[in-house]
Structures are given as structure tokens and as C-alpha cells.
Amino acid sequence: MTETLNVQSLRDEFPALKEPMRGHDLIYFDNGATSLKPHRVIGAVTEYYREYSANIHRGVYEMSGRATAAYDDARTTVKRLLHVPDGEGEVIFTRGTTESINMVAVGWGGRHLTAGDEIVLSPMEHHSNMVPWQQIAQRTGAKVSYFPLTDDGSFTEDA
């Protein structure tokens with residue numbers, strides 16, 4: 001049985017999508033820079049700041065313990081959502097997509113890419129996913145290539 005996605009119900013979860021822009025429903029594509037937050041995320045962050053805003057994994061006082069437990073629970077939830085088996089893999093939280101991509105490009109790419117390797121990107125990539133790969137290619141001698149798009153802006157498996 002295939003469920004139908006209720007787009008309006010999903011949009012209703014994001015307060016920023018309620019306000020029309022130039023007379024139209026807002027469609028937001030800049031998630032690489034800043035993702036819109038649903039009500040439950042806004043509520044959880046507000047609760048943290050209101051009730052137990054403290055450093056994690058550092059304090060021996062109750063508020064720090066609550067913050068640490070919430071943080072660790074969030075990591076466990078993400079691992080479960082990503083189907084990471086217990087004891088395998090790690091979930092790393094960063095400030096956002098740009099920081100995450102930079103960590104992979106510099107950390108993994110800097111260690112594994114060498115002259116002659118090819119980094120293949122889509123020409124439709126967000127700027128934050130192009131620049132780190134261009135920079136690591138310059139440092140390692142790897143080459144950045146872009147696969148071609150069709151006239152309608154899509155790509156094929158052959159490409």
C-alpha cells in the first residue's frame with residue numbers, strides 16, 4: 001500500500017512557510033545554507049534554552065546531565081533513523097551542511113584523494129558543495145568534473 005504525501009500537512013509543520021511571498025506560497029531551496037525548522041525542533045531548542053542550557057559531557061551538575069542525556073538521546077535517534085547498527089558507525093553533529101561537507105572534503109578527501117583521482121559533481125550543486133571539492137582538488141591534484149545535464153535540467157544514468 002502506497003501512502004500519499006500530504007504536502008499541506010507537511011508545510012504546516014514549518015512556521016516560516018505560512019507567510020506568502022509576493023502572493024505565493026513560499027518554496028524554500030536554500031537548505032544548504034540554512035534549513036527551515038519545524039515546530040517540534042523550535043520547541044525542543046526553546047525547551048533546552050529555557051530549562052537546561054548547559055555544556056554537555058563536561059559538568060557534574062544536574063543541568064549538564066540533562067543536557068548530555070538529551071544530546072546523546074538525539075544521537076541515538078538519528079542512528080536509528082539511519083539504520084546504523086549498534087556499535088557501528090558514528091553520528092557527528094555539526095552546525096550545518098556547509099561545515100559537514102567541509103569536514104568530509106578535508107578529512108576524507110585530504111587523506112584519500114591523489115593526483116589523477118576524479119571528483120564528479122552535478123552542475124546543479126549548491127555552492128557550499130562545490131567549493132570544498134574544488135579546494136581539495138587543488139591541494140591533492142585530483143580533478144573536479146561535472147556530469148552533463150539534459151535540456152530540461154535533469155540527468156541520466158548514462159551521464
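The values are calculated or read from the model by the stated rules, or taken from the named source; none is laboratory data. For clarity, every value in this text was computed on a predicted model and none was experimentally measured. For neighbour counting, all protein chains shown are included, and Cβ atoms are generated from backbone atoms with ideal geometry for every residue, glycine included. Each accessible area value is taken on the protein alone, full model and side chains, heavy atoms only, with ligands, DNA and RNA left out. Shrake-Rupley method; radii C 1.70, N 1.55, O 1.52, S 1.80 Å.
Averaging the sequence gap over all C-alpha pairs within less than 8 Å and six or more residues apart, then dividing by the number of residues, gives the chain a relative contact order of 14 percent. The 1.4 Å probe gives accessible areas that order 91, 106, 144, largest first, as 106, 144, 91.
Measuring r between the beta carbons of residue 100 and residue 8 and using R0 = 30 Å, the FRET efficiency lands at 0.50. Summing Cβ point charges (Lys, Arg +1; Asp, Glu -1) relative to the Cα centre of the chain gives a dipole of roughly 660 debye. The chymotrypsin sites (Phe, Trp or Tyr not before Pro) found in segment 35-98 that occupy coil by DSSP, while having at most 15 further C-beta atoms within 10 Å, are 61, 93.
Once the chain from residue 156 to residue 16 is taken as fully extended at 0.36 nm per residue, the excess over their C-alpha distance is 47.0 nm. Largest accessible area first, the listed residues 10, 121, 82, 36 line up as 82, 10, 36, 121 when surface is computed with a 1.4 Å probe on the assembled protein chains.
Each residue of segment 71-159 gets 146 Å³ once the volume of the Cα convex hull is shared out per residue.
What a 1.4 Å probe finds exposed on segment 1-138 is 55% carbon and sulfur by accessible area, rounded to a whole percent. Only sites in a loop by DSSP and with at most 15 other Cβ atoms within 10 Å count here; which trypsin sites (Lys or Arg not before Pro) in segment 74-152 make the cut? When the trypsin sites (Lys or Arg not before Pro) of segment 74-152 are filtered for loop state and at most 15 Cβ neighbours within 10 Å, 95 remain. Within the chain, the longest segment free of exposed loop sites, counting GluC sites (Glu not before Pro) that fall outside DSSP classes H, G, I, E and B and have at most 15 other Cβ atoms within 10 Å, spans 14-87. Ranked by solvent-accessible area (1.4 Å probe, protein heavy atoms only, all chains present), the residues 112, 24 order from largest to smallest as 24, 112. Within the chain, helices built from complete DSSP H runs that reach 24 Å or longer along their own axis (Cα positions) and carry a mean Kyte-Doolittle hydropathy of -1.0 or higher are 62-81. According to the Kirkwood relation over distinct C-alpha pairs, the hydrodynamic radius of the chain is 19.7 Å.
Accessible area per residue for the chain is 77 Å², calculated with a 1.4 Å probe on protein heavy atoms, without ligands, DNA or RNA. Simple point charges give the picture: +1 on the Cβ of Lys and Arg, -1 on the Cβ of Asp and Glu, and for segment 7-62 a dipole about the Cα centre of about 80 debye.
Can you tally the net charge around residue 70? Count Lys and Arg as +1, Asp and Glu as -1, for every other residue whose Cβ sits under 12 Å from the Cβ of residue 70. Net of charged neighbours comes to -2.
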